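In what follows, a single structure is set out as structure tokens and then discussed.
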Amino acid sequence: MSKLKVIVSRAWPKEVQATLREKYDVTLNEKDVAMTKDEMKEALANCDAFLPTVTDPVDAEVLSAEPLRAKFIGNFGVGFNHIDLDAAKARGLTVTNTPEVLTDCTADIAMTLMLTVARRTSEGERELRSKSWTGWRPTHLLATKVTGKTLGLIGMGRIAQAMAQRAHHGFGMKIIYSDPYPPPAEVIKKYNAKQVDSIDEVLTQSDFVSIHCPGGKDTYHLLNKDSLAKMKSSAFLINSARGDVIDNDALINALKNGVIAGAGLDVFEGEPALDERFLELENAVLLPHLGSATTETRIAMGNRVLENLAAFEAGETPRDKLV
Ligand code: DGY
């Protein structure tokens, strides 16, 4: 049997690339330069399986490729707001993602952001590196205590639950959340979490608000001028989900004018372009989309794509089939 022709959009961990080479007639992207939309279109016309990642906009235009050879799109990543699933389905494509394997590491980054922004540790490190530290003193870089505070989760899926686990059991935090599709009561019981009636209640009651909803048109600018104004002025906003859930202008103004105390951000509207106004803000902690960036997790994500592709090739339903 001839091998499937597979095209991969970015460089993957070498262990997984080795498996791809072994099993498939694969074109890798070892230079790791992002593909243009035209290149992705061409890929869909010339391979059986295309393996993009979360920064590749596989939109209706890309999916209009003619002639279309591809039958399978295996996304390297859990989020899929960059793929037009309706268009993919209309063209008869099977699309999969990589849930579960990145849950812990993404929750770890959300916790990192929460602790870093609350305890002002980036500011402290900047002070040391600029050689301006003059020594311990009772009023130096006073920050905000995390232990025992209220953490509000927008979305209560896998990553939010992993954050609740860490925050409740590690830091004695009270957990509240809002989610239109809440998990079963026995899951919630583990974190002694309380569902509130609306996102507004999460915003008004929390000392820390962490975003864990998907990106896309339903959540676009969910956090805007009006919603940010509902948060306590002492509260912090954490985003490890998708950048466009927050309106950049509104957040920058809120951080500048003391509407909220600070923000920890791993994702940005329009990334990788960064609104340079963020760089002026001492109360913003900024990371370049590192949620799942551990060797273990990135290998697991690659292997999960391979597992889905193998199932598809065998004529089975891949476990992470989206459409
Ligand atoms: C995802 O998988 O959706 C993350 O944003 C990157 O790991």
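Remarks
- Sorted by Cβ neighbour density within 10 Å, fewest at the top, the residues ILE246, ILE199, ILE299: ILE299, ILE199, ILE246
- With a threshold of 19 Å on the Cα-Cα distance, the over-threshold entries among LYS225/LYS256; LYS131/LYS256; LYS3/LYS23 are LYS131/LYS256.
- Cα centroid of the range 116-173 to Cα centroid of the range 266-311, whole Å: 20 Å
- Loop-resident trypsin sites (Lys or Arg not before Pro) (DSSP state other than H, G, I, E or B) in the range 161-240 with no more than 11 further Cβ atoms inside 10 Å of their Cβ: LYS217.
- When the square roots of the Cα gyration tensor eigenvalues are ordered a ≥ b ≥ c, the ratio a/c for the chain is 1.5 or more and a/b exceeds b/c, which makes its shape prolate.
- Dipole orientation for the chain: of the candidates ASN46, SER206, PRO13, SER206 has the Cα lying most toward the positive pole (charges on Cβ; Lys, Arg +1; Asp, Glu -1).
- Residues TYR191, TYR177, TYR24, sorted so that the one with the fewest Cβ neighbours within 10 Å comes first: TYR24, TYR191, TYR177
- Charged-residue dipole, Cβ positions (Lys, Arg, Asp, Glu), the chain about Cα centre, Debye nearest 20: 980 debye
- Put in order of Cβ neighbour count within 10 Å, fewest first, the listed residues ARG21, ARG129 become ARG129, ARG21.
- For the chain, the 222 nm mean residue ellipticity estimated from helices alone, with every DSSP H stretch of n ≥ 4 adding -39500 (n - 2.57) and the total spread over all residues, rounds to -9500 deg cm²/dmol.
- For the range 93-245, the Cβ-based charge dipole about the Cα centre amounts to some 620 debye (Lys, Arg positive; Asp, Glu negative; other atoms uncharged).
- Here the label points at ASP86 and ASN303, each 7 Å from Cα along the C-beta direction, are separated by 3.8 nm in the simple model.
- Evaluated with a Cβ-only charge set (Lys, Arg +1; Asp, Glu -1), the range 227-323 carries a dipole of roughly 360 debye about its Cα centre, given to the nearest 20.
- Signed unit charges on C-beta, dipole axis of the chain, positive-most listed residue TRP133, LEU222, GLY77: TRP133
- Relative contact order [Cα under 8 Å, 6+ residues apart], the chain, whole percent: 17 percent
- Only Cα pairs under 8 Å and 6+ residues apart enter the sum, and on that basis the relative contact order of the range 103-286 stands at 21 percent.
Rule-based calculations on the coordinates, nothing more; no lab input. Computed from a prediction, not measured in an experiment: that's the story for all the values here. Positions of Cβ are backbone-derived with ideal geometry, glycine not excepted, and every protein chain shown enters the neighbour counts.
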